[in-house]
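Engineer: I have a structure I would like to understand better, so I am pasting it below and will then ask my questions one at a time.
The values are calculated or read from the model by the stated rules, or taken from the named source; none is laboratory data. Computed from a predicted structure; not experimentally measured. Here the Cβ positions follow ideal geometry from the backbone for every residue, glycine too, while neighbour counts run over all protein chains shown.
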Amino acid sequence: MFRTQIPKHFDVPRRLERLAELPYNLWWTWNAAAWRLYRDINAELWERVNHNPLVFLREIGRAELNAAAQNSHYLERYDAVLARFDAYMQEKQTWFRRRYPQAEAQRIAYFSMEYGLHEILPIYSGGLGVLSGDHLKEASDMGLPLVGVGFLYMEGYFSQRISEDGWQEALNNPLRFEDLPVLPVLAENGRPLTVTVPLPERDVAVRIWELRVGRVPLYLLDSNIPDNHPDDRQLTARLYWSDLNLRVMQEVVLGVGGVRALRALNCRPTVWHMNEGHSAFLTLERIRELTVEGLDFEQAAARTRGSNVFTTHTPVPAGNDEFPLWLVDKYLARLWPELGLSRDQFVNLARHRQAWGDAFSMPILALRFSAGRNGVSELHGRVARRMWRHLWPDRPVEEVPITHVTNGVHTDFWMARRLKALLEEYVGADWRAHLADQEYWERVNRIPDQALWEVHQHLKRKLVFYLRERARWRWIQGGFHPVQVVASGALLDPYALTIGFARRFATYKRAHLILSDVDRLLRILNRANRPVQIIFAGKAHPADEPGKHLIQEVYRIVKKAENGGRLVFLEDYDINLARYLVQGVDVWLNTPRRPNEASGTSGMKAAINGALNFSVLDGWWREAFNGKNGWAIGEDRDPGPDNAAQDRADAESLYRTLENAIIPLYYEDRGPDDLPHEWIERMKEALRTVTPQFSTRRMLSEYMERLYYPAMQNAAED
Ligand SMILES: *Cc1c(COP(=O)(O)O)cnc(C)c1O
C-alpha cells in the first residue's frame with residue numbers, strides 16, 4: 001500500500017548502528033538518556049548543531065564514534081537506552097488499554113496548524129503549537145490510538161533578530177529535509193504518495209511526510225512538488241500567511257487534504273479532533289464523502305457531527321479565524337455544489353454577522369459541526385460560552401454546550417533532568433506511573449531543602465552561563481552593538497533573584513506592565529545586596545505592528561545604562577530557550593489583560609521546575625494559585641471596560657507584591673545555613689500542586705473522558 005523507510009546514509013560503527021535509527025523517532029527528545037548518547041560523544045558539536053542528532057551524525061568524525069564503540073561504560077548506556085526504547089514501542093499494558101479495553105479498534109485523528117515538538121523542527125509559532133506537540137508526546141506515553149495531521153513548512157517559522165534600535169527583523173531559514181527526522185510516505189511504485197485538493201483554478205497535489213512521535217505518527221502535508229503550479233508549491237511554505245488568499249487555501253489543504261491523506265494512508269479515524277478552527281473544513285469533507293454515497297447534506301451532517309471534537313483557544317472575538325465572503329466566493333465555489341448546497345446555504349453554515357459586513361467563521365463552522373466542544377481553562381470555558389451563546393439562542397448561557405479541559409504540559413519533556421533524578425531519589429522511582437495522582441505528589445515534601453536548592457542553583461547558573469555564551473557568540477558574529485551584548489545578558493548574575501517573562505509579544509500580554517514606572521523598577525533592581533534581574537524574550541507575529549512596537553519599547557528600556565545590565569531581552573525565543581528559562585529562573589511573570597489568556601502553559605513548565613509563578617489570575621493560574629505556590633497580581637474578578645485604569649491597578653499590585661513579599665522572602669528570611677527555607681517551601685508547594693494537575697497526563701485523561709470517548713460511542717451508533 002504505502003511505506004516509509006529510514007535511510008541508511010551514516011557512517012556509524014556496526015556496534016552503534018542504531019544511533020542512526022533513534023533520531024527518526026522523537027522519543028529521544030523527552031528521554032534524556034537517549035539524547036545524551038550523542039551529546040556525550042562531543043558536547044560542543046551537540047550545541048553547535050542545535051541538538052539535531054542527524055546533523056550531529058553527519059558532522060562527527062568516525063574516530064570519535066569508534067572511541068565510543070570501544071568504551072564499555074558508553075556501550076552499557078547505549079544498550080540500556082535501546083532496550084528501553086524497544087520496550088516502550090512494544091508495550092502492551094498501556095494506560096489506554098487498561099482504562100479503555102473496549103476501545104481497542106478506535107482511532108483519533110488530531111488536526112493542528114502547528115506542532116512544537118523540538119527546536120530542530122521550527123513548524124510552530126508559539127503556545128498553540130507547543131500544546132499540540134505535548135499532546136502527541138503524551139498520547140504516545142498513554143498509548144492513545146492517535147494520529148496527528150499538520151504541515152511541513154519548508155521555510156519554517158522565522159528566526160528573530162533585534163536591531164540596535166529595537167526593531168524585530170525576521171530571517172527565513174529554509175529547512176533541509178535531509179536534516180529532519182521526517183520520512184517521505186511512498187506509494188507502492190516508490191513515488192511519493194500524494195492526494196489532491198480542489199482549489200478554484202486547479203487541483204493541488206500534496207505529498208505526505210511521516211514524523212514518528214513515540215508510538216504516535218504525525219503526517220505532515222507539503223505542496224512543494226514538481227507536479228504543482230509554481231505558485232501552489234509555495235502554499236505550504238510558511239506558517240500563518242498574513243495574506244488571506246493564501247490562508248484560506250492553506251486551510252482548505254489542511255482540512256480537506258488532511259482527510260484525504262488519512263484515507264490514502266488507509267487510516268480509519270473514528271474521532272476527528274480539530275485543535276483550533278484552522279482545520280474546520282474537515283467537517284465538510286467528511287460530509288462530502290457521505291453525499292457521494294447518496295446521503296443528503298443534513299443526513300451526512302447528522303452522521304458525522306457526533307464524532308467531531310473542536311477545541312477553541314481564542315477568548316477575543318477579533319482573534320478568531322474568519323474570511324470575508326468575497327474570499328469564500330473566490331476559493332470555495334467548487335465546494336458547495338459537491339455538498340448539494342447553494343451559495344447562500346453554504347455561507348450560512350458559518351455566517352458571522354458583524355457591523356462591517358458578514359464573514360465566514362471557522363470556529364462557527366467547527367462549533368456547528370462538532371458534538372464535543374471545549375475551551376482550555378475553566379474561565380476560558382465560561383468566556384467561550386458567553387462569546388458563542390448566539391449560536392444557541394434558546395439556551396441560558398451556562399447551558400451553552402461548550403465544556404473545558406484545562407491545558408497541561410508534558411512533564412518529561414519540560415522538567416530538568418536533575419530534578420527528575422531528585423524525584424527518583426526522594427519521591428519514588430515510579431513517579432511517572434503516578435503522574436496525575438495528586439495525593440502521591442504530597443511526597444515532594446520528602447525532598448531535603450538543601451538538595452532542592454542545590455539543583456535549582458545549578459540550573460540557574462546553567463541558564464546564566466548559557467546566555468552569556470550566546471551574547472559572546474552574537475558579538476563575534478558581528479553586526480551587534482556593544483550595548484546589545486549587555487542587553488542580551490552579558491552582565492547577568494547567577495546569584496541574583498531572577499524573573500523570567502517570555503512569550504509571544506501581543507499587546508494584551510502587557511510585557512510593558514512591569515516597566516510602567518521605570519524609576520520605581522530601577523530602585524527595585526539595584527538595591528545593594530538584593531539585586532533583581534528580569535529576562536524578557538518573545539517574538540511578535542511579523543504582521544503585528546503593535547506587537548513589534550511593544551518589543552521596541554521594552555528594548556529601549558532594556559538598553560538603559562541605569563539598569564546595570566539587569567534587564568535583558570533575548571533574541572529568538574524558541575523551545576530551546578524556553579527550556580533554559582523555565583528551568584533556571586526563580587520567578588515566572590505573566591501579566592495578561594484578563595480574560596484574554598485562554599490558558600497559558602509556560603507558567604506550568606516553570607512551576608514543575610520549582611519556579612514560583614507571579615501572575616494575573618487568568619487562564620490556568622486562576623485554577624492553580626492557592627496562596628502558597630506563588631503570587632497573584634490583581635484580584636479574581638473580571639475587570640471593567642477601562643483598560644488604562646486596569647493597567648494602573650495591576651501595575652501597583654505587581655510592584656507592591658514584588659517589594660513587600662517576593663524580594664524579602666528571597667533575600668531576608670534565610671536561616672543559619674543560608675538557605676531561604678520559606679522560599680523553598682513555596683517551591684515544593686508549586687511542584688506538589690502544579691505537576692500532577694497541569695500535566696498532559698491529567699489533560700488527556702479528561703479529553704478521553706469528556707470528549708473522545710463520548711465521540712467514539714457516537715461513532716459506533718452512526
Ligand atoms: C510554552 C511555550 C509557549 C506558550 O507560552 P504561554 O505561557 O502560553 O504564552 C510559547 N512559546 C514557546 C517556545 C513555548 O515553549
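Engineer: Among the acidic types (Asp, Glu) and at pLDDT below 95: does that describe ASP321?
Structural biologist: yes
Engineer: Residues that are touching a Phe, Trp or Tyr at 6+ places or on another chain (Cβ under 6 Å) and either touching a residue at least 40 places away in the same chain (Cβ under 8 Å) or surrounded by fewer than 20 Cβ atoms within 10 Å (Cβ to Cβ) (or both): does the stretch 419-431 have at least one?
Structural biologist: No, there is no match, as no residue in the stretch 419-431 is touching a Phe, Trp or Tyr at 6+ places or on another chain (Cβ under 6 Å) and either touching a residue at least 40 places away in the same chain (Cβ under 8 Å) or surrounded by fewer than 20 Cβ atoms within 10 Å (Cβ to Cβ) (or both).
Engineer: Please state which of the following conditions PRO494 fails to meet, knowing it meets all the rest: (1) away from the ligand (no atom under 13 Å from the Cβ); (2) surrounded by 18 or more Cβ atoms within 10 Å (Cβ to Cβ); (3) not in a helix (DSSP H, G or I).
Structural biologist: The single condition PRO494 does not satisfy is (2).
Engineer: Let me ask something additional. Is it the case that ARG504 is within 16 Å of the ligand (Cβ to nearest atom) and under 20 Å from the mean Cα position of the chain (by Cα)?
Structural biologist: yes
Engineer: Just for the stretch 326-343: of the residues that are loosely packed, with under 14 Cβ neighbours inside 10 Å and out of contact with any Lys or Arg (no Cβ under 9 Å at 6 or more places or on another chain), which one is farthest from THR291 (Cα to Cα)?
Structural biologist: TRP326
Engineer: Can I ask one more? For residues in the stretch 96-150 being away from the ligand (no atom under 16 Å from the Cβ) and over 23 Å from ASN308 (Cα atoms), which is surrounded by the most Cβ atoms within 10 Å (Cβ to Cβ)?
Structural biologist: Step by step, filter the stretch 96-150, then rank; the result is ASP141.
Engineer: Separate question: Identify all residues within the stretch 595-620 that are more than 10 Å from the ligand (Cβ to nearest atom) and not β-branched (Val, Ile, Thr); write none if there are none.
Structural biologist: Across the stretch 595-620, the qualifying residues are PRO595, ASN596, ALA607, ASN609, GLY610, ALA611, LEU612, ASN613, PHE614, LEU617, ASP618.
Engineer: May I ask you to say which residue of ARG373, ARG386, ARG382 is of a type in the set (Lys, Arg), surrounded by 18 or more Cβ atoms within 10 Å (Cβ to Cβ) and over 18 Å from ASN308 (Cβ atoms)?
Structural biologist: When all the criteria are applied, what remains is ARG382.
Engineer: Only one residue in PRO217, PRO200 is touching a residue at least 24 places away in the same chain (Cβ under 8 Å) and out of contact with any helix residue (DSSP H, G or I) (no Cβ under 8 Å at 6 or more places or on another chain). Which one?
Structural biologist: Only one candidate passes the filter, namely PRO217.
Engineer: Still on this structure, I have one more. Just to be sure before I move on: is ASN407 more than 25 Å from TRP679 (Cβ to Cβ) and not in a strand (DSSP E or B) in the structure I sent?
Structural biologist: Considered against the rule, which asks whether it is more than 25 Å from TRP679 (Cβ to Cβ) and not in a strand (DSSP E or B), ASN407 comes out as yes.
Engineer: Looking at (1) at pLDDT 95 or above; (2) more than 10 Å from the ligand (Cβ to nearest atom); (3) acidic (Asp, Glu), which is the one condition that is false for ASP544?
Structural biologist: (1)
Engineer: Residues that are out of contact with any Lys or Arg (no Cβ under 6 Å at 6 or more places or on another chain), modelled with pLDDT of 95 or more and over 24 Å from LEU513 (Cβ atoms), at least 1 per element: which helices (runs of 4 or more DSSP H) completely within the stretch 615-714 meet that?
Structural biologist: Of the helices (runs of 4 or more DSSP H) lying wholly inside the stretch 615-714, those with at least 1 residues that are out of contact with any Lys or Arg (no Cβ under 6 Å at 6 or more places or on another chain), modelled with pLDDT of 95 or more and over 24 Å from LEU513 (Cβ atoms) span 677-693, 696-702.
Engineer: In the stretch 333-393, which helices (runs of 4 or more DSSP H) lie fully inside it and hold 1 or more residues that are touching a residue at least 40 places away in the same chain (Cβ under 8 Å) and touching an Asp or Glu at 6+ places or on another chain (Cβ under 7 Å)?
Structural biologist: 362-368, 378-387
Engineer: Let me ask something else. What residue, among those in the stretch 562-587 that are farther than 14 Å from GLY538 by Cα and touching a Ser or Thr at 6+ places or on another chain (Cβ under 8 Å), is farthest from the ligand (Cβ to nearest atom)?
Structural biologist: Here the answer is ASP586.
Engineer: Something else: Name the residues in the stretch 465-483 that are without any contact (Cβ under 8 Å) to a residue 40 or more places away in the chain and more than 19 Å from SER159 (Cα to Cα), would you?
Structural biologist: Those that are without any contact (Cβ under 8 Å) to a residue 40 or more places away in the chain and more than 19 Å from SER159 (Cα to Cα): PHE465, ARG468, PRO482.
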